[in-house]
Structure formats: C-alpha cells, structure tokens
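Worksheet: the structure to be examined is printed underneath.
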Amino acid sequence: MFNFFLLCALSVLVFGVAHKGSFLTLTLAALLYVTIATGLGLLISTFMKSQIAAIFGTAILR
C-alpha cells in the first residue's frame with residue numbers, strides 16, 4: 001500500500017495528473033486488489049510442491 005500512496009503522490013506532484021473521483025474509493029479498490037492477490041498467492045503456494053510449479057500455476061490462472 002505504501003507503493004500505491006507513493007505512486008499517487010508522484011503522479012500529482014511530479015507529473016501534474018489530476019485525480020478525478022473519490023480517493024477513498026480508489027484506496028479501497030487498491031486494498032481489495034492487494035488482499036485478493038495475496039490470498040491467491042497463498043492458495044497456490046498451499047497446493048504446489050515447488051517454486052517452479054507455483055510460477056507455472058500462476059501463469060495458467062492469468
């Protein structure tokens with residue numbers, strides 16, 4: 001989440017991109033994405049025996 005806030009700050013301060021819409025909604029969507037991605041990674045790592053198998057497993061799901 002730190003990277004998300006840093007990217008938002010840099011986009012406004014350095015590049016001058018104006019954010020439209022609710023910042024709270026954007027933050028909640030980013031938090032939901034991080035939670036789902038972490039959960040999916042944990043689920044895959046539970047069933048795979050090796051790191052290589054986990055990498056191929058995530059490639060198949062995408």
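Consider residue 19 against the criteria (1) assigned to a helix (DSSP H, G or I); (2) loosely packed, with under 12 Cβ neighbours inside 10 Å; (3) in contact with a Cys (Cβ under 9 Å, 6 or more places away or on another chain): it satisfies all of them except one. Which criterion is unmet?
(1)
Residue 48: loosely packed, with under 10 Cβ neighbours inside 10 Å and either without any contact (Cβ under 8 Å) to a residue 60 or more places away in the chain or of a type outside the set (A, V, I, L, M, F, W, C) (or both), yes or no?
no
Any read-out appearing in this document is the output of simple, stated calculations on the displayed coordinates, not a laboratory observation. In this text, all values refer to a predicted model and were calculated from it rather than measured experimentally. Every residue, glycine among them, receives a Cβ derived from its backbone with ideal geometry; neighbour counts consider all protein chains shown.
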